[in-house]
Amino acid sequence: CHHVTGECSCPPGWTGHDCKHPCSSGRWGRGCANSCACDGGDGGCDPATGACSCQPGFTGQRCQ
């Protein structure tokens with residue numbers, strides 16, 4: 001927690017007042033500030049690392 005405001009500093013992939021909510025679909029990182037950069041298959045990405053989760057039939061770093 002921030003020593004003045006008391007606001008929680010959530011780890012990457014988590015958000016909310018108490019850091020109990022994962023990033024919404026398509027978002028990742030600290031504060032869920034980043035957008036997933038995944039192309040084909042719309043499998044989304046890991047909320048902490050941004051690594052793409054490819055749907056069947058798609059492969060590659062960005063599921064391209």
Out of all the residues in the stretch 33-42, which are open to solvent by less than 90 Å² (accessible area, probe 1.4 Å) and not in a strand (DSSP E or B)?
Ala33, Cys36, Ala37, Cys38, Asp39, Gly40, Gly41
If you go through the stretch 1-32 one residue at a time, how many are more than 10 Å from Pro47 (Cα to Cα), of a type in the set (A, V, I, L, M, F, W, C) and open to solvent by less than 70 Å² (accessible area, probe 1.4 Å)?
3
Tell me, please, whether a residue that is surrounded by 12 or more Cβ atoms within 10 Å (Cβ to Cβ), modelled with pLDDT of 90 or more, touching a Pro at 6+ places or on another chain (Cβ under 8 Å) and not polar (S, T, N, Q) can be found in the stretch 43-58.
yes
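The values are calculated or read from the model by the stated rules, or taken from the named source; none is laboratory data. All figures in this text were calculated on a predicted structure; none of them were measured in a lab. Neighbour counts are summed over all protein chains in view; Cβ atoms, including those assigned to glycine, are modelled from backbone coordinates with ideal geometry. The protein model used for the area step is the full one, side chains on, heavy atoms only, and it has no ligands, DNA or RNA in it. Shrake-Rupley method; radii C 1.70, N 1.55, O 1.52, S 1.80 Å.
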